[in-house]
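Novice: Quick one: the structure is below, questions incoming.
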Amino acid sequence: IVRYIYKKKYDDKTFTASILSKAVKRSLVISKNKKKYSLERTNNKKKLSKDELSIYNSLFSTYSELTISDTYHTIFSSAFRKLKNYLTTEWNIKEYFKKNFGYTFFAALFTIAIIIMYAFVGASEGFFIFLFTAVFAVFGLIFVVAGLKTASGCGKIFAIIFGLCFSIPPLIVGLSSIVAEDVLSGIFVIALIAGFFLYACLIKAPTQLGAQTQAQLEGFKMYLETTEEDRLNLLMPPQHTPELFEAMLPYAVALDVENEWSEKFNKILAEFNYSPEWYSGNMKSFSYGTFAGTLSSSFTSSFSKAKIDPT
């Protein structure tokens, strides 16, 4: 939930944070053998919330242990969808942030109107060629975006390749023609389009609830990345510091400060000779300061590949 609100969207790292949350609650064990990760259930479900239990049961409905690979793409893609559906259904992002599509739409019409008016006022032939080829380029880019959002596996690859092939050649022809005949017109149009995209980004605004939540998340993030080790020792009894590290780790991953959070505990965990019960792997090269960052990045990459149908 934290990452979904923080990023204003669902992404693969959201699933990573969710799995880590289940791991530190001792509901599953993460294992690493060479470069392959696997998940093994422990049936310890006491600390799982209702939504976490739903994802947990979805993952381990058939197998008690899963290698994170596309062999189990059906299971992982189903779990991904369940988590995404839960977040988008239970946590309406529009209550936190307004994208103001209406203003963006009118700005787009205004930008197009200016370009068309400029074209008929006295632009060169190269400018008309540029406009004509730009239409193909836009449709090609829309195809790429649609493929990234909806397709998977070979379908996604095809959508990207087809969209780029449909958009890049016409765009090159259009740009070359306008550069050859009317450089100022090209600069004008590019600046106008860049201004539109800048406006579209800036017009997005948080609601009152969104601004309040955003401020709280930023404050929490600041705590995770800037708290000093000595201060942690004063705030928490030494015997509880590993528990504090584990409890906050999924949130650190969700807020992209897992490296900073691990670094704060580097010396403390070394003193405890900390060995996570929820992680099994080669501990010879284990570094407390880099553990979370390495695990998060490689874990997210593995999940991204595992959910895709190889065929």
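The values are calculated or read from the model by the stated rules, or taken from the named source; none is laboratory data. All values reported here derive from a predicted model rather than from experimental measurement. Cβ: placed from backbone, ideal geometry, glycine included. Neighbour counts: every protein chain shown.
One line per residue, one yes/no per condition, for (1) at pLDDT below 90; (2) part of a helix (DSSP H, G or I):
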position	(1), (2)
K13	no, yes
K32	yes, no
N44	yes, no
E52	yes, yes
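Novice: When the residues of segment 248-307 are narrowed to those that are surrounded by 15 or more Cβ atoms within 10 Å (Cβ to Cβ), more than 17 Å from the chain's Cα centre (by Cα) and charged (D, E, K, R), which ends up modelled with the highest pLDDT?
Specialist: Filtering segment 248-307 for residues that are surrounded by 15 or more Cβ atoms within 10 Å (Cβ to Cβ), more than 17 Å from the chain's Cα centre (by Cα) and charged (D, E, K, R), the one modelled with the highest pLDDT comes out as E260.
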